[in-house]
Amino acid sequence: MQERYNPSAVEAAAHENWQARDVYRVVETATAPDGTPKPKFYACSMLPYPSGKLHMGHVRNYTINDMMARQLRMRGYNVLMPMGWDAFGMPAENAAMKSGVPPAKWTYDNIAYMKKQMQAMGLAIDWSREMCACDPKYYKWNQWLFLKMLEKGIAYRKTQTVNWDPVDQTVLANEQVIDGRGWRSGAPVEKREIPGYYLRITDYAQELLEQVHDGLPGWPERVRVMQENWIGKSEGVRFAFTHDIRDDAGALIQDGRMYVFTTRADTIMGVTFCAVAPEHPLAAHAAAGNPALAAFIEACKQGGTTEAELATREKEGMPTGLSVTHPLTGAAVQVWVGNYVLMSYGDGAVMGVPGHDERDFAFALKYGLPIQQVIDVEGQAYDTTAWQEWYADKQRGRTVNSGKYDGLSTAQAVDAVAADLAAQGLGEKQTTWRLRDWGISRQRYWGTPIPIIHCPDCGPVPVPEQDLPVLLPEDLIPDGSGNPLARSEAFLACSCPRCGKAARRETDTMDTFVDSSWYFMRYTSPGNDTAMVDARNDYWMPMDQYIGGIEHAVLHLLYARFWTRVMRDLGLVNFDEPFTRLLCQGMVLNHIYSRKNAQGGVEYFWPEQVENIVDAKGAIVGARLRADGSAVQYGGIGTMSKSKNNGVDPQSLIDSLGADTARLFVMFASPPEQTLEWSDSGVEGANRYLRKVWAFCLARREAVQAGLGGSATAAQAAGAAKTLRRDIHTLLKQADYDYQRMQYNTVVSTSMKMLNAIESAVLDDSPAAAAALAECVGVLLRVLYPVVPHITWQLWQDLGYATALGDLLDAPWPAVDEAALVADEIELMLQVNGKLRGSLTVASTSAKAEIEQQAAAHDAVTRFLEGRPVKRIIVVPGKLVNIVG
């Protein structure tokens, strides 16, 4: 055993041993020592994008998973912990444009480096199951299932308005449009009508919502709320404002009906205007003879269409000069074009009730439109100059200024209005959804090719199954002028599967969310080239524990839930929900330092470049550069980011202090679901603790080995050794509980308490004391092992535990000895007339009468009663004795 803890040597030895024995390979037929099948446990972290290097968020995420996997393996479970790569997407194309290297080479190089980093961390990953989204053996099944969905009508082709970047020549997601411009090119984004493929996730909306309520008890509440809000079920009334507006051919536009949907039909008598989306047929008709309106509509088409952006965007509108007829009053209602109305939501038109909708209220004030009160709350005064929250109150509100509907509650008024509209054939109650069908077409190169062939005679034709996969060429280099597939004749040229004539391949590729919607099931069926999943998937799924960031709480999880149901309905799986439990780990934070440069931009500095300025309480109030003492601005704590120069390279930490130090710090600094604030002193403290463990084991090596090889048992221990066993088993019980609830930070603190208890115990030289010491050190090493597997594995070997109990990876998890928890003596608080005056030590088996007798004779009782007789003795078992005199 080495005199000093050398993490690089320890970790290299452990890795060599584990790799030589292939210890992390998992099989579905694993059995316990008695021959019975082991219970399975599937724990999986969200797969990373191969950006080049791991960051500390990765280290934290995967260490959480690793701790769970290692501890459960010791408890007798057959545990699967796989890993793969979310390898398609725009970052690879952007890197290619900068470097002139194909995305494939950039991606594979990054994967190789990041895999080495993961292996250096000592993660218990079964690499035989590794998958990569850009591997044809994987994306073949994306294509295959797409074709199955096409057959079933779940996938379909339609034309829809999209965000188009005219420089990058690609469709942008709403989130990639910033202030009306493409996030990468900075070009003004256009709205274009482009055909693409969509998946009918809306057919599953009700089931997805119901399961959020009833089928995900192991998910965090905030994630379930986010899923519910995104699905967005709304129950209301869809009805029509009639009109006589005709097109150039004299036909009624939309058959003379402008439909809207509202959840507040009770406010229908307060409609003072209607607003339509810039793409609405009425807007286009009005703009044909109104250049100012046409210009306004074009301006509206610039920018993204996320609800978040719409909520913060300045609400603007312009009158069309058209009007529609109120369905109940017959009054003419002005039609406006509003930049906040989306054609893709509902019918692209809304009724304006400024009296009771905050957005409409602001719009009406801005443009001088009438505001009509039709809801009243008793005791409240209505004012059209300022919005008040009670204007939208659905609980206390009663209709007013609404004719026959006056005095009704919200529910009563909605029912009455719906019935009257239905009687006229103009409307009905309806349920709508915020959720929209999933558009998977992307005008990008680095993604799964959509398996469609375009024939001039037959139109779009699915690629035959036997011709899958449609291979993506890996030697193309994007140059920013559009999708290079569209210029690759080798890719484009093909024959129509139906008629045999010359045809062209589809150049759109699939949304990368497709890749991440089922990868966790491919882990279960590696090497199967003839099926998407097989019987091994039935063994492992549903997944027992999924771990990943809150940023994926909506789309990734929703798409994965949808994809699983499609596979279920196609007979591929026999379950509804893919993830039984979900943990969203907190972000890793670090200090941010910056200042404006001469050009007006912001320059960020690494924390190690900076010296903090603190106030009398130690709070950071400023900073200066170590190099020249010049001032920089302290920006507080924020998520680690390359762009802000506040990240920490895990590899440099591993190289200097070891992977175990990195693992220990990220587990000890904070509970897994909470944010973690980086601390250099905390990292040093973690390393110091590991050195302390090593030094203690070195110092007590002979005594531990004697205890392992002796004839005495730990249960025979007496005196200080017996007390030590009670302390350790009490702490083990706490560690068991903390492992079960995934409070890994307190597992670490419990191990520290264990070490302190063992170090401070003054044991005699008896064989039983040596056995107790060996037992207690063995418990410590096993409790600590899932956190820091390298050092504990080495110490387990060096101290002789491997010979006695087998290799640490599969050593039995220590069981709490309930008998050891029973103390020979207990200490009770001693009170005199309700005030604490001392303590009383009694045998744990003492009867109440014996305790009363000892308490009455205690010198503190005699002293504080000052000669007064004892009137009453109150004994609270296990806690205190109160003498009343």
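Bear in mind that the values in this text are calculations on the coordinates, not laboratory data. Predicted model only: the values in this text are computed from it and were never measured. Because the Cβ atoms are built from the backbone with ideal geometry, glycine has one as well, and the counts that use them run over all protein chains shown.
Find out how many positive minus negative residues lie around residue 604, taking Lys and Arg as positive, Asp and Glu as negative, among other residues whose Cβ is under 14 Å from that of residue 604. Kindly include the intermediate steps, with their values, before the conclusion.
Details: positive: 595, 596, 642, 644; negative: 603, 608.
After counting each charged neighbour, the total is +2.
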Listed with the fewest Cβ neighbours within 10 Å leading, 44, 496, 458 appear as 458, 496, 44
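Let's test the formula: R0 of 41 Å, r as the Cβ-Cβ distance of residue 677 and residue 295. What FRET efficiency results, to the nearest 0.05? The partial results should precede the final answer.
Details: r = 51 Å, r/R0 = 1.24.
That pair, residue 677 with residue 295, gives E of 0.20.
Which entries in the list 53/105; 835/879; 158/501 go over 19 Å, if you measure between the two C-alpha atoms of each?
Cα-Cα > 19 Å for 158/501; rest within.
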Antiparallel content of DSSP bridges confined to the range 825-884, in %, to 5
75
Label-point separation, residue 259 to residue 112 (7 Å along Cα→Cβ), nm
5.7
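In a shell of Cβ-Cβ distance under 11 Å around residue 405, excluding residue 405 itself, what net charge do Lys and Arg (+1) and Asp and Glu (-1) give? Please list the in-between numbers first.
On the way: positive: 398, 404; negative: 266, 406, 415, 420.
Net local charge, residue 405 excluded: -2.
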Ordered by residue, what ³J(HN,Hα) values in Hz, to whole numbers, does the range 366-376 give under the Karplus form 6.51 cos²θ - 1.76 cosθ + 1.60, where θ = phi - 60° and Gly and Pro are x?
5, 10, x, 8, x, 10, 10, 7, 10, 10, 10
Residue by residue, what Karplus-based ³J(HN,Hα) values in Hz, rounded to whole numbers, does the range 610-617 have, using 6.51, -1.76 and 1.60 with θ = phi - 60° and x for Gly and Pro?
10, 10, 6, 10, 10, 8, 4, 8
Residue order, fewest to most surrounding Cβ atoms within 10 angstrom, among 258, 1:
1, 258
Would you please give the residues with an amide H less than 5 Å from that of residue 131, counting only those at least 5 places away or on a separate chain, with H modeled from the backbone geometry?
83, 84, 85
List the residues, sorted by chain then number, that are 5 or more residues from residue 343 or on another chain and whose placed amide H is less than 5 Å from its amide H.
279
Per the charge dipole of the chain (beta-carbon charges, Lys/Arg positive, Asp/Glu negative, Cα centre), the residue among 177, 793, 566 reaching farthest to the positive end is 793
With volume of the Cα convex hull per residue in Å³ in mind, check (i) 268; (ii) 176; (iii) 278 and report the label derived from this structure.
(i)
Run the numbers for residue 655 and residue 863: contour at 0.36 nm per residue of separation, minus the present Cα-Cα distance, in nm.
68.4 nm
3J(HN,Hα) from dihedral phi, the range 86-93, Karplus parametrisation 6.51/-1.76/1.60, rounded to Hz, x for glycine, proline
7, 8, 8, x, 5, x, 5, 5
Please compute the modelled spin-label separation between residue 492 and residue 454, points set 7 Å along Cα→Cβ, answer in nm with one decimal.
0.9
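Residue 349: net charge of surrounding residues, Cβ under 12 Å, Lys/Arg +1, Asp/Glu -1, itself excluded?
Working: positive: 238, 257; negative: 279, 347.
Cβ neighbours under 12 Å give a net charge of 0.
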For the range 233-433, how many pairs of lysine residues have a Cα-Cα distance under 29 Å, where the two are 8 or more positions apart or belong to different chains?
13
Nitroxide proxy distance, nm - points 7 Å out along Cα→Cβ at residue 576 and residue 25:
3.9
Furthest towards positive pole of dipole, 839, 284, 44, structure part the chain, Cβ charges:
839
At R0 = 22 Å the Cβ-Cβ FRET efficiency linking residue 842 and residue 821, nearest 0.05, sits at 0.80
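Would you work out the relative contact order for the range 763-885, in percent, from Cα pairs under 8 angstrom that are 6 or more residues apart?
Numbers: 128 pairs, mean separation 23.0, N = 123.
The value is 19 percent.
Mind checking the full-extension length gain between residue 614 and residue 8? Use 0.36 nm per residue of separation minus the Cα-Cα distance, one decimal, nm. List each step's numbers first, then the result.
Working: separation 606, 0.36 × 606 = 218.16 nm, distance 3.64 nm.
So the chain would gain 214.5 nm between residue 614 and residue 8.
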Using 0.36 nm per residue of separation minus the Cα-Cα distance, give me the extension gain between residue 713 and residue 38 in nm, one decimal.
240.0 nm
How large is the charge dipole for the range 664-821, taken about the Cα centre, if only the Cβ atoms of Lys, Arg (+1) and Asp, Glu (-1) carry charge, to the nearest 20 debye?
200
Report the FRET efficiency, 1/(1 + (r/R0)^6), for residue 856 and residue 760, where r is their Cβ-Cβ distance and R0 is 30 Å, rounded to 0.05.
0.30
